[in-house]
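Structure record follows, encoded as structure tokens.
The values are calculated or read from the model by the stated rules, or taken from the named source; none is laboratory data. Since the model is a prediction, treat every value here as computed from it, not as a measurement. Because the Cβ atoms are built from the backbone with ideal geometry, glycine has one as well, and the counts that use them run over all protein chains shown.
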Amino acid sequence: MRRFFCWGFLFGVLGCAGVLGADLGGEVKGALRRAAGFYAEKVATHGGYVYYYSPDLSGRWGEGKATADQVWVQVPGTPAVGAALLTAFETTGDAFYLKAAEGAAEALLYGQLASGGWTNAVDFDPKGSQVSLYRNGKGDKKGKNFSTLDDGITPGVLRFLMRLEKVSPNGVSGLKEGIDVGLKALLEAQFPNGGFPQGWTGPVEKRAVVKAKYPDYDWRTENRIKNYWEHYTLNDGVCGQVAWLLEEAVRLRGDVRCKEALVKLGEFLLLAQMPEPQPGWAQQYDPEMRPIWARKFEPPAMAGRESEDAMLTLIRIAKLTREARFVAPIAAGRAWLERSMLPNGKLSRYYELQSNKPLYMTDDYELTYDDSKLPKHYGWQNEPRLKEIDAAMAGLRPGGEVLKAKPTEAEVRAILAALDAEGKWVSAYDGEMMVGQPKFKVGEAYVSSAVFVANVEVLCGYLSGR
């Protein structure tokens, strides 16, 4: 996704010229304040945010069109924007950013479910289409109560709230209680083997702890479980998101329970690694630890992207615990990914069990080995993350930590030039796949929360020297 956009050649030239010869740090602070002011004062509703806006703010989109009373929780929605505002406060000390971050936290706490976590949206209209069973009693008593880990929703909220608690423990009413409830609910959703479901409505059941194995039945047609989300999942980076949250709970709160849960999660990933000839990980497992169907386009299979996330998560856990057992599976898993690379240098989302053939779906959802007619709403092939895995492994060695490079002046000047007089970065749709799949026309202008977040992080990184 494009991280910034210069709207118009003339404005870009004038904007860049305005920076030349000036104090760049001062320009950055001014631009940061204008951009955050626009977002917090004009874009926010009930303190929260959605994914995209029309430039005049008359249109709002999350997963589809959003009303003025709806804010979105999945990245790049409210927690992501709130976290960027919090970074701006930590970087500059300007209380404006803290107040705006607190507004985002209040919106999220309003939408905390009775089950302790969050779903993908918060609806402040009691009769709205996204209203759920909120812990505060202001939602729909018959509304959905499914706390989800999918797409980092609940982990992203709790990480943001814990960061805010560290700098402003009394700034938001009910903040500590909301975090306590959320972490308790998360820990009660962890299975005895250390795995997590995609989400929960309450504590999970007890199950036997067993090692992953290949199905001994026709996986194409048998063992389709309707409520697949109640079982062990790695889909869309669940394990990495949860590990990051648990690590932050240890770092920010000294939470011993969360460190124990992190170790258990690592033990689950050791159990979930499939045997040869495919020592990777599947996307979804049943109670007997066999790969199973999820949605109709998510078959039982070895999963390239989830395998990468599993390995990066194990490295994260090994770094915290200093236990070598958590990196023991990496060599075999990485070798399997290496030999599974497609001719175009990418990894397939799915590989057929045991044969290791790249596995796809036709546009009418029939299994196939042919990648010529794929459903366009899903990522079937992905750029490999092997270099990231190698760098993470190298970072475990003494002196092997890779420091993040400070943003260059050229990057900063481009971002400043792209900021318009109102304080917004405007993008133009060029046909790429986007979160929420908005139905924009090619060339259509829009304001993106993802671009706001990315640009704020770069500007803060420049100011702080990160």
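If I filter the range 302-314 for residues that are within 15 Å of F191 (Cβ to Cβ), surrounded by 17 or more Cβ atoms within 10 Å (Cβ to Cβ) and under 20 Å from the mean Cα position of the chain (by Cα), do I get at least one hit?
So far as the range 302-314 goes, no, none of its residues is within 15 Å of F191 (Cβ to Cβ), surrounded by 17 or more Cβ atoms within 10 Å (Cβ to Cβ) and under 20 Å from the mean Cα position of the chain (by Cα).
From the set of residues in the range 189-211 that are free of Cβ contacts under 8 Å to residues at least 40 places away in the same chain and charged (D, E, K, R), which is surrounded by the most Cβ atoms within 10 Å (Cβ to Cβ)?
E205
What's the number of the only condition in (1) crowded, with 18+ Cβ neighbours inside 10 Å; (2) farther than 22 Å from L386 by Cα; (3) out of contact with any Ser or Thr (no Cβ under 7 Å at 6 or more places or on another chain) that L367 fails to meet?
(1) is the only condition that L367 fails.
Restricted to the range 91-139, and to residues that are in contact with a Lys or Arg (Cβ under 8 Å, 6 or more places away or on another chain) and part of a loop (DSSP other than H, G, I, E, B), which residue is nearest to W61 (Cα to Cα)?
Ranking the qualifying residues of the range 91-139, first place goes to T119.
Any chance the range 82-104 includes a residue that's modelled with pLDDT of 95 or more, under 26 Å from K127 (Cβ atoms), surrounded by fewer than 24 Cβ atoms within 10 Å (Cβ to Cβ) and hydroxyl-bearing (S, T, Y)?
no
Take the conditions at pLDDT 95 or above and assigned to a loop (DSSP other than H, G, I, E, B) and apply them to G379. Does it pass?
Judged against the criteria, G379 is not a match.
Please state which of the following conditions E230 fails to meet, knowing it meets all the rest: (1) acidic (D, E); (2) surrounded by 14 or more Cβ atoms within 10 Å (Cβ to Cβ); (3) over 30 Å from E177 (Cα atoms).
For E230, the exception is condition (3).
Kindly indicate which of A410, A450 is surrounded by 20 or more Cβ atoms within 10 Å (Cβ to Cβ) and modelled with pLDDT of 90 or more.
From the options A410, A450, the qualifying one is A450.
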